[in-house]
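Q: First the structure, then my questions, so here it is.
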Amino acid sequence: MISLFGPPEPTLLERLKESVTKTRTELAAQVEQILTGNRPVDPELLKHLETALLSADIGVRTTKEVLATLRQQVNEHKLTETAELKKELKRQIVKILQAPATHSDGNGTGISPEMAKVAPRVIFVVGVNGTGKTTTIGKLTNRLKKEGASVVLCAADTFRAAAIEQLEVWAHRSGVEVIKQKPGADPSAVVFDAISSARAHSSDVVIVDTAGRLHTKSNLMAELDKMKRTAAKIVPGAPHDVLLVLDATTGQNGLNQAREFWSHAGVTGIVLTKLDGTAKGGIVIAIARELNLPIRFVGTGEKIDDLVPFDAQTYVNSLFD
């Protein structure tokens, strides 16, 4: 059907396919070369497949586990053709990505029905500098607004004056309020003000922008912990989500960041940015397997609507098909 309002919005699959083009080009091309034709499914073929998976930054541990499962089925003569092998490879990767426990309300925000009753819902967004954290907050705010939620932004990155200004730009685009103080102010005090304001105005969600922390800085991690305690004093159970923004182009270093934040900050989910700029998109699989953390969203570009909910089957299809 022809749309009267311009071209139809790309489907989730189309947007994910576009964002993982580089990874798909590298991984799918190698896998297709290995699994095309009537090649026998033997140890040599599996060795080539292992190399292809490692090159996409799926990680040594995850790759070895996937290959161990495939080898067992080959040895048991359950996989005798390359088409069957590819199908099973995809199935194993989807299984890994779906394993982490997730909470979903069915509308893509990752909010469970129980948590959706909490007012306001407090979301901390963490990550090192340069990952696209503030941009992600702007996109998430836009998404929540479209779903009917009222949002308050908290400028708790008080170390950089530019961070407050950037957050205000994104807030203006979505028409939401920013609670801020002067640069250098106590971030926990800003968190207190933001959540108190949200409660007074019956707002649905507070999104807290935190300073871009190097995961090795223990004092900054301690400050983040103080902010979390402040939030919990006002709204029991807050923060209800701690989203870690990771730059996909960092590859295995991104996994190291995720591991540190997971152990210190209580991360509940990952937002992966710049996936369109890397051939190492397999890091998604490594994070899900090694940290048992769900990938909540993927940034697919620079526009305000370029944030899509992550779906394991769609992602794997976009890699291989």
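Q: With respect to Ala258, is the statement that it is touching a residue at least 12 places away in the same chain (Cβ under 8 Å), farther than 27 Å from Glu65 by Cβ and of a type in the set (A, V, I, L, M, F, W, C) true?
A: Judged against the criteria, Ala258 is not a match.
Q: Residue pairs, Cβ under 7 Å, 6 or more apart or interchain, first in region 284-301 and on the phi > 0 side of the Ramachandran plot, second of a type in the set (A, V, I, L, M). List them.
A: Filtered contacts from region 284-301: Asn292/Ala99.
Q: Does region 112-135 hold any residues that are part of a helix (DSSP H, G or I) and at pLDDT below 90, and which are they? Steps first, answer last, please.
A: First, the residues of region 112-135 that are part of a helix (DSSP H, G or I): 113-116, 133-135.
Pro113, Glu114, Met115, Ala116, listed by residue number.
Q: Search region 213-270 for residues being basic (Lys, Arg) and surrounded by fewer than 22 Cβ atoms within 10 Å (Cβ to Cβ), and hand back the single one that is nearest to Ile58 (Cα to Cα).
A: Arg259
Q: Right, here's the next one. So which residues in region 275-285 are crowded, with 18+ Cβ neighbours inside 10 Å and either within 12 Å of Lys139 (Cβ to Cβ) or at pLDDT below 85 (or both), if there are any at all?
A: Passing the criteria: Leu275, Asp276, Thr278, Ala279, Lys280, Gly281, Gly282, Ile283, Val284.
Q: Do any strands (runs of 3 or more DSSP E) entirely within region 196-314 hold 2 or more residues that are out of contact with any Gly (no Cβ under 6 Å at 6 or more places or on another chain), and if so, which?
A: Filter on region 196-314 gives 205-209, 241-247, 269-273, 295-299.
Q: Kindly indicate whether any position in region 48-57 is in contact with a helix residue (DSSP H, G or I) (Cβ under 6 Å, 6 or more places away or on another chain), farther than 27 Å from Asn256 by Cβ and aliphatic (A, V, I, L, M).
A: Scanning region 48-57 turns up no residue that is in contact with a helix residue (DSSP H, G or I) (Cβ under 6 Å, 6 or more places away or on another chain), farther than 27 Å from Asn256 by Cβ and aliphatic (A, V, I, L, M).
Q: Separate question: Which members of region 61-84 meet the condition of being in a helix (DSSP H, G or I), under 28 Å from Ile287 (Cβ atoms) and of a type in the set (A, V, I, L, M, F, W, C)?
A: Val66, Leu67, Ala68, Leu70, Val74
Q: Quick check on this structure: which one of Gly108, Gly138 is of a type outside the set (Val, Ile, Thr), assigned to a helix (DSSP H, G or I) and either modelled with pLDDT of 95 or more or surrounded by 17 or more Cβ atoms within 10 Å (Cβ to Cβ) (or both)? Explain how you work it out, then say what you get.
A: On the way: Gly108 fails: assigned to a helix (DSSP H, G or I).
So the residue among Gly108, Gly138 that is of a type outside the set (Val, Ile, Thr), assigned to a helix (DSSP H, G or I) and either modelled with pLDDT of 95 or more or surrounded by 17 or more Cβ atoms within 10 Å (Cβ to Cβ) (or both) is Gly138.
Q: Now a separate question. Out of (1) closer than 22 Å to Gly269 by Cβ; (2) in a loop (DSSP other than H, G, I, E, B), what's the single condition that is false for Leu153?
A: (2)
Q: Give Val190, Val206, Val152 a once-over and let me know the one that is touching a residue at least 24 places away in the same chain (Cβ under 8 Å), touching a helix residue (DSSP H, G or I) at 6+ places or on another chain (Cβ under 7 Å), assigned by TED's automatic domain parsing to the domain that holds Ala119 and farther than 24 Å from Asp247 by Cα.
A: Values: Val190 fails: touching a helix residue (DSSP H, G or I) at 6+ places or on another chain (Cβ under 7 Å); Val206 fails: farther than 24 Å from Asp247 by Cα.
The match here is Val152.
The values are calculated or read from the model by the stated rules, or taken from the named source; none is laboratory data. Since the structure is predicted, the reported quantities are computational estimates derived from the model, not experimental observations. Please note: Cβ atoms are built from the backbone with ideal geometry, for glycine as well, and neighbour counts cover all protein chains shown.
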